[in-house]
Amino acid sequence: MTGLRWQKSTYSEGGADTCVEVAREQTGTVRLRESVTPSTVATVAPYALVALIDWAKREAPSGD
């Protein structure tokens, strides 16, 4: 998995080392990893990631 361009989440805590990173392969496959353990990588189909994000937005507490 060398050569992937990893991007940190915009929700990362400032310069903290604990964040989710995402990379997309030329095939469209999405890779996710936790910056604390970058050698552990999850492979996700783009449609599955979109579905997860949509679900999280609907189910997340509003914080009010």
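Placing pseudo-labels 7 Å out from each Cα toward the beta carbon at residue 60 and residue 29 gives an inter-label distance of 2.8 nm.
Using a probe of 1.4 Å, the accessible surface attributed to residue 6 totals some 60 Å² when neighbouring protein chains are kept in position. Ordered from highest to lowest accessible area with the whole protein assembly present and a 1.4 Å probe, 8, 57 read as 57, 8.
The values are calculated or read from the model by the stated rules, or taken from the named source; none is laboratory data. This structure is a prediction, so every number in the text was calculated from the model and none was measured. Every residue, glycine among them, receives a Cβ derived from its backbone with ideal geometry; neighbour counts consider all protein chains shown. All accessible areas refer to the heavy atoms of the entire protein, side chains included, with ligands and DNA or RNA removed. Shrake-Rupley method; radii C 1.70, N 1.55, O 1.52, S 1.80 Å.
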